[in-house]
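I have placed the structure first, in the form of C-alpha cells, so that the comments after it can refer back to it.
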Amino acid sequence: MTPLLTIIVSLLGCFCFYQWEKNRKDAEEVKLLMERTERLEAEKKQKADIEKSIEQGKTHQLVLYALDKLGCRYEEGEGDRIRTVYQGETFLIDANDDCLFINVLDPWWYELPMDGHIEDFARMQKAINRVNSYCGVTILYTINNEEKVFGAHTMKNLVFIPQIPHIDRYLESVFIDCFKAKRDVLAEIEKCKAAETATPPQA
C-alpha cells in the first residue's frame, strides 16, 4: 500500500470513527433529553394532582405536599399515618381527609426501665410537668409493657388547611417546637439531678 493510500485510509477511518462517536453522543443527548422531558411531565402531573387534591381539601395530600417542600422523605403506613424523618428525628403524622386537623407525634425520645429507680421516674415526671407549663406542644409519657419501659413523647394537634401561608414552614415550626421541648425536658432532668446532689439528705 502506498503512503498516500495509507494516509487516505487513515483519514477515512478517523472520519468514520468521528461520525460514529458524534452519532453516539447525539443519541445519548436525545435519550437524556427525552428522559428529562418525561420526568418533568410526570412531576408536572404530580404537582397538578397535588394541587387539585389540596383544592378539594384533602388534608393527607396537603401534608405530603408540605413534606416534599421541606425535602423530607416519608412513608405512608396503615390508615392515614405518615412516617417521616426531619433532621434525624422520626415523626409520625396522622392526617385524615375528613378532618382539618392533623396530629404530629415525636415518639420515644426518652426511656426509663419500669424496674428502675423511682427517683429517675420522679425526675422525668417533674421535668415534663414543668416544660408542659410553657411550651407550645404537649409532652406525655406512656408505658410499653412488652419492653417494660416508660417513654416520653411530644405531640401537637394543629389545624392544617391550604389557606395557611407557607404551609411547609408552618409544619417545620412544629418539628422545631418538638426539638425544643425535648431539649428542655432533658435539661430539666439534669437540673433535678444537680439539685439533689447539692442538697444533703436530711437526717
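Here, each number is a calculation from the coordinates, and none is a lab measurement. In this text, all values refer to a predicted model and were calculated from it rather than measured experimentally. Note that each Cβ is placed from the backbone with ideal geometry, even for glycine, and that neighbours are counted across all protein chains shown.
If you wrap region 56-186 in the convex hull of its Cα atoms and look at it from every side, the mean projected area works out to 8.6 nm². With 28 Å as the limit on Cα-Cα distance, the pairs of K126/K180; K44/K180; K69/K148; K58/K182 that go past it are K44/K180; K69/K148; K58/K182.
If you take the beta carbon distance between T90 and E29 as r and set R0 to 41 Å, what does 1/(1 + (r/R0)^6) give as a FRET efficiency, to the nearest 0.05?
0.45
When each of the peptides 82-90, 112-120 is scored by how many other beta carbons lie within 10 Å of its residues on average, the order from highest to lowest is 82-90, 112-120. Using the Cβ-Cβ distance between R81 and T197 with R0 = 45 Å, the FRET efficiency computed as 1/(1 + (r/R0)^6) comes to roughly 0.60. By the Cα gyration tensor, region 104-167 has an equivalent ellipsoid whose semi-axes, rounded to whole angstrom, run 30, 14, 6 from largest to smallest.
Could you sort the peptides 123-130, 31-38 by per-residue average Cβ neighbour count (10 Å cutoff), highest mean leading? Let's see the in-between values first.
Details: 123-130: 18.1, 31-38: 10.0.
Averaged packing, sorted descending, gives the order 123-130, 31-38.
For E21 and R36 in the same chain, what is the full-extension length gain: residue separation times 0.36 nm, less their Cα-Cα distance, in nm?
On the way: separation 15, 0.36 × 15 = 5.40 nm, distance 2.23 nm.
Extra length from E21 to R36 when fully extended: 3.2 nm.
By the rule of a C-alpha distance below 14 Å, with chain neighbours fewer than 8 residues away ignored, the aspartates and glutamates paired with K191 are E119, D120.
Using a Förster distance of 30 angstrom, determine the FRET efficiency expected from the C-beta separation of N129 and S173, and round it to 0.05. The partial results should precede the final answer.
On the way: r = 24 Å, r/R0 = 0.79.
FRET efficiency, N129 to S173: 0.80.
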